[in-house]
Amino acid sequence: MKIGVLTSSRADYGIYLPLLNEIKKDHFFDLEIIAFGTHLSSKHGFTLDDIEKDGYDTIHKITSLIDDDSEKGIVVSYGRTVLEFSNFWKNNCFDLVFCLGDRFEMSAAVQASIPFGIKLAHIHGGETTLGAIDNIYRHQITLASDIHFVTTSDNMLKVKNLKGDAKKIYDVGSLSLNNIDKFEPIDKLIFLDKFKIPNETFALVTFHPETVSVSDNLLYVKEMKKALTVISEKINIIITMPNADTLGSLYRNELKDLKIKNPSTVFLIENFGKVNYFNAMYYAGILIGNTSSGIIEAASFNKYVINVGDRQKGRTHGNNVFNTSFDSEIIFETFNTLINKKPIEIDNVYFKNDTVKKIKSILKKT
């Protein structure tokens, strides 16, 4: 069975990884990686290098993004991605192609596949993020896909309502959490030394723009910076940098300035990779930001999360997540409440046993 895997960012590649590792070892499958988006962007760490190190027989490389994250720039990148993939789909055939999530460039690659009748399997459909236009892209991808691997029963129902029937929709849990109950972190000092981080309590921080209310980001980024400045006086801050979203560079520039003004307590990481990101989450005192990992993965590490703004609004989450507005005083007040709060055992609604095995079994029956 010839399988293609669309991957456009460090985030989706990290989620795919448990599945890719198993498919790669199974002779039933002929696996080809289709790398595009920020994987080929030096500004975002050129994470294609990480994919190549993992030793796949075939990696297709498609360059389409321009260095402009304004609204017009995103549209141009979307259009270029469609054009590049029109050539790719014309010249390449697969039994099934995986797509994941909700990014604009993933949507573009999928939309280009429709006239060619490409059979798609979508991971993470049915979810809701009201503060990001990704919500629209996610549903576009769902409508174009034939098979759906969702993370919860609620998301299964949403996909059913979108598609009009319940055929080929499978509730398998979050792929990124496959075997998370068996995760063993590397030694803390080894991890910290690798990234030149002091052995002190730290917050793990990731902020992305809110792409629905684009103009409001000018205010949001100021409040974010105010809050992180004050928090950095209390504990160290490790920041993973934003993806290629509308006005992502606005956040990047402010975070870089934060680092310049607080060089001994603020640490910027372009790309941890999945394993090191999980290590960072394991050792973090708290998570702050508006990224999906705070909603989906953090509960498996029993971490408190300050979820800021509306980017993740609508996603199911556990009682470890505390929602705040983009108000520096409220963010800092919530931080003070949670940083010394006793940890709790959290039942992660996104975790199910043997996610990869379930997906592989379904594929072999397809």
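Cβ-Cβ below 6 Å, separation at least six or inter-chain, first residue in segment 117-144 and on the phi > 0 side of the Ramachandran plot, second in a loop (DSSP other than H, G, I, E, B) and buried (at least 21 other Cβ atoms within 10 Å of the Cβ): which pairs?
His124/Gly101
Report, by residue number, each residue of segment 191-207 that is assigned to a helix (DSSP H, G or I) and not aromatic (Phe, Trp, Tyr).
Kept after step one, since they are assigned to a helix (DSSP H, G or I), are these residues of segment 191-207: 191-194.
Result: Leu192, Asp193, Lys194.
Restricting to segment 139-166, and then to whatever is assigned to a loop (DSSP other than H, G, I, E, B) and of a type outside the set (A, V, I, L, M, F, W, C), can you tell me which residue is modelled with the lowest pLDDT?
Asp165
Has segment 326-338 got any residue that is among the polar types (S, T, N, Q) and in a loop (DSSP other than H, G, I, E, B)?
no
Considering every residue within segment 174-190, establish whether at least one is more than 30 Å from Asn262 (Cα to Cα), open to solvent by 80 Å² or more (accessible area, probe 1.4 Å) and not in a loop (DSSP other than H, G, I, E, B).
Yes, that holds for at least one residue.
Looking only at segment 66-104, which residues are closer than 16 Å to Ile133 by Cβ and under 20 Å from the mean Cα position of the chain (by Cα)?
Residues satisfying the conditions are Asp69, Ile74, Ser77, Tyr78, Thr81, Gly101, Asp102, Arg103, Phe104.
This table checks each residue for (1) closer than 21 Å to His208 by Cα; (2) not small (Gly, Ala, Ser).
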{"site": "Val75", "(1), (2)": "yes, yes"}
{"site": "Gly79", "(1), (2)": "no, no"}
{"site": "Phe85", "(1), (2)": "no, yes"}
{"site": "Asn92", "(1), (2)": "no, yes"}
{"site": "Val97", "(1), (2)": "no, yes"}
{"site": "Ala108", "(1), (2)": "yes, no"}
{"site": "Gly117", "(1), (2)": "no, no"}
{"site": "Leu120", "(1), (2)": "no, yes"}
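Give all pairs with beta carbons closer than 9 Å in which a residue from segment 338-356 that is more than 19 Å from Lys234 (Cα to Cα) and in contact (Cβ under 8 Å) with a residue 12 or more places away in the chain meets a residue that is basic (Lys, Arg) and open to solvent by 40 Å² or more (accessible area, probe 1.4 Å); count only pairs at least 6 apart in sequence or on separate chains.
Lys352/Lys358
Given the criterion without any contact (Cβ under 8 Å) to a residue 24 or more places away in the chain and more than 18 Å from the chain's Cα centre (by Cα), identify the matching residue among Lys61, Lys25.
Result of the check over Lys61, Lys25: Lys25.
Between a residue in segment 207-224 that is closer than 13 Å to Ala132 by Cβ and small (Gly, Ala, Ser) and any residue that is outside any helix (DSSP H, G or I) and open to solvent by 50 Å² or more (accessible area, probe 1.4 Å), which pairs come within a Cβ distance under 9 Å, given they are 6 or more apart or on different chains?
What qualifies is Ser213/Asp310.
So which residues in segment 53-65 are of a type outside the set (Lys, Arg) and exposed (fewer than 13 other Cβ atoms within 10 Å of the Cβ), if there are any at all?
Result: Gly55, Asp57, Thr58.
Sort through Ser361, Ser300 and tell me the only one that's at pLDDT 95 or above, outside any loop (DSSP other than H, G, I, E, B) and surrounded by fewer than 22 Cβ atoms within 10 Å (Cβ to Cβ). Even if it seems obvious, please write down each step before you answer.
Details: Ser300 fails: surrounded by fewer than 22 Cβ atoms within 10 Å (Cβ to Cβ).
Going through Ser361, Ser300 in turn, just one is at pLDDT 95 or above, outside any loop (DSSP other than H, G, I, E, B) and surrounded by fewer than 22 Cβ atoms within 10 Å (Cβ to Cβ): Ser361.
Are any residues in segment 103-138 in a helix (DSSP H, G or I), open to solvent by 50 Å² or more (accessible area, probe 1.4 Å) and at pLDDT 95 or above, and if so, which ones?
Gln111, Ile114, Pro115, Phe116
The values are calculated or read from the model by the stated rules, or taken from the named source; none is laboratory data. This one's a predicted model, so the numbers in the text were calculated from it and none came from an experiment. Every residue, glycine among them, receives a Cβ derived from its backbone with ideal geometry; neighbour counts consider all protein chains shown. Just so you know, the surface numbers come from the protein's heavy atoms only, side chains and all, with ligands and any DNA or RNA stripped out. Shrake-Rupley method; radii C 1.70, N 1.55, O 1.52, S 1.80 Å.
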